[in-house]
Amino acid sequence: MNEPDTARIYLSPPHVGPADRRRLIAALDSNWVAPLGPEVDGFEQDMASCSGRQHAAATNSGTAALHLALRLVGVGAGDDVLMPSLTFVATANVAVYLGARPVFVDVDPSTWTIDPELVTSELAARAAEGRLPGAVLAVDLYGQCADYDRLTAICAEYDVPLVIDAAESLGATYRGRPAGSAGVLAAFSFNGNKIITTSGGGMLVGDDENQISRARQLAAQARMPAAHYEHVELGYNYRLSNLLAALGRGQLEVLADRVASRRSINAEYRARLDDVPGLSFMPIAGYGEPSHWLTVVQLDPNHARCTPEDLRLRLEAANVEARPGWKPLHLQPLFAGAPIRGGAISEQIFDRALCLPSGSAMTPEQMDKVITLARDVLV
Ligand SMILES: *Cc1c(COP(=O)(O)O)cnc(C)c1O
């Protein structure tokens, strides 16, 4: 077993404390040790209100929530699903789970999220050929919302459902509205490295009560309300444990503090690495406030003193974890041959990006260490 290394500075470790411990023990003592219970109900209500939605269904991962979202908007075998190439593999996997095909679209260089212009041209071309996709799945990357209003308008024009992968953006805003408030459905993740965590968990949010209750039913093996467990359709075992929901409710109470910490970490990196030649930060879109789940820098090969990989290895040698940006999915062997519209922007970001330690529990000393090490090789 690998123990967590207390000296290591991790990219985005869980941030839990005594209040989380009390909540977990209280839930255990209540004997609601099952994938249902009062903490699950409470966490669903809390998450619905925090994302500006009417309803929410708790799941045992963000991936499960996304899978349910695509299924509920009607994606099935033979469908195409448009999504950005620059994202975590889970975004595309859920389409494949349903027998659908991911169709990748490049990101906008000013937001690093799916490019609305390219979505428009892709949908126009497909409408002309009568092969519209089953859904558009937008991703809020590294804590920055996709362009919700433009994507909503484009999808409405072609009558294609929009789903938001908000796994990385809890706590961010888009034109003053919360992350996850757009699309027919949106999905959050509470994996151990996300802005708040239940160790593993997720949440599907939306405004249609029937859709969300159907999500809960599908997540419970699609059991029909009969004593003998009647089954009409295929379901999954996707519900969240009541113990973990108790953790989630406590974590959600301190979400504002967690977001404030990630934002100040981002601001400090910006202030103290501002003069580094060839270094720039992930752009901030004018339409909202990112949660800065991860702070991501880019090194321009023509001006920077080293490559992102050199910097990563230098940090690693000092027991500091940094990570390359997401490898574009159209370059992954798993999706070899998948269609891609554009792609050069995602590729360039992958070549230049490095994610720096961004955990909300980082101390000033740890910040100093990371910044000093980075300046050593970059200035
Ligand atoms: C973390 C993540 C997911 C998956 O969430 P899990 O809870 O780990 O299943 C999906 N999409 C993106 C963009 C993510 O970062």
From most to least accessible, 1.4 Å probe, no ligand or DNA/RNA atoms counted, 80, 376 line up as 376, 80
Accessible-area order for 254, 232, 160, largest to smallest, probe 1.4 angstrom, reads 232, 254, 160
Which of 313, 329, 185 fluctuates most in a GNM of the chain (C-alpha springs under 10 Å)? That residue is 313
Measure of exposure for residue 214: accessible area at 1.4 Å probe, Å² rounded to 10, is 90
The percentage of the accessible area of region 256-378 (probe 1.4 Å, all protein chains present) made up of carbon and sulfur atoms, to the nearest whole number, is 51
Once Lys and Arg are counted +1 and Asp and Glu -1 for all other residues with Cβ under 13 Å from that of residue 88, the total becomes 0
Expressed per residue, the solvent accessible area of region 103-161 in Å² (1.4 Å probe) is about 32
Sequence order, region 216-230: Karplus ³J(HN,Hα) from phi using 6.51 cos²θ - 1.76 cosθ + 1.60, θ = phi - 60°, Hz rounded, Gly and Pro as x, gives 4, 5, 4, 6, 10, 6, 6, 6, 7, x, 9, 4, 8, 6, 7
The chain: antiparallel bridges as % of DSSP beta bridges, rounded to 5, reads 65
Calc'd 3J(HN,Hα), region 17-33, phi into Karplus 6.51 cos²θ - 1.76 cosθ + 1.60 (θ = phi - 60°), Hz, glycine/Pro = x, comes to x, x, 5, 5, 4, 4, 5, 5, 5, 4, 5, 5, 5, 6, 6, 7, 9
Per 20 angstrom bin, beginning at 0 and ending with the bin that holds the maximum distance, the Cα pairs of the chain fall in percents of 29, 57, 14, 0
Probe 1.4 Å, all chains present, heavy atoms only: residue 152 accessible area in Å², nearest 10, is 70
With all protein chains present and a 1.4 Å probe, the order of 67, 55 from largest accessible area down is 55, 67
In terms of the charge dipole of the chain, which places +1 on Lys and Arg and -1 on Asp and Glu at the beta carbon, the residue among 178, 60, 344 farthest towards the positive end is 60
Largest first and rounded to whole Å, the semi-axes √(5λ) derived from the alpha carbon gyration tensor of region 256-378 read 25, 18, 14
Given Cβ charges of +1 for Lys and Arg and -1 for Asp and Glu, the option among 371, 103, 76 whose Cα lies farthest towards the positive end of the dipole of the chain is 371
Once amide hydrogens are built 1.01 Å from N within the peptide plane, the residues lying 5 or more places from residue 60 or on another chain with amide H under 5 Å from its amide H are 202, 239, 240
Measure of exposure for residue 199: accessible area at 1.4 Å probe, Å² rounded to 10, is 80
In whole percent, the fraction of accessible protein surface over region 1-97 that belongs to carbon or sulfur atoms, probe radius 1.4 Å, stands at 55
A 1.4 Å probe over the protein heavy atoms gives region 130-182 a carbon and sulfur accessible-area percentage of 50
Note to self: with every protein chain in place and a 1.4 Å probe, region 185-321 gives an accessible area per residue in Å² of 43
Within the under-12-Å Cβ sphere about residue 117, not counting residue 117, Lys/Arg +1 and Asp/Glu -1 give a net charge of -3
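The values are calculated or read from the model by the stated rules, or taken from the named source; none is laboratory data. Values in this document were obtained by computation on a predicted structure and should not be read as measured data. Here Cβ is always computed from backbone atoms with ideal geometry, including for glycine, and neighbour counts include all displayed protein chains. When the accessible area is computed, the model is the full protein with side chains, heavy atoms only, and any ligands, DNA or RNA have been set aside. Shrake-Rupley method; radii C 1.70, N 1.55, O 1.52, S 1.80 Å.
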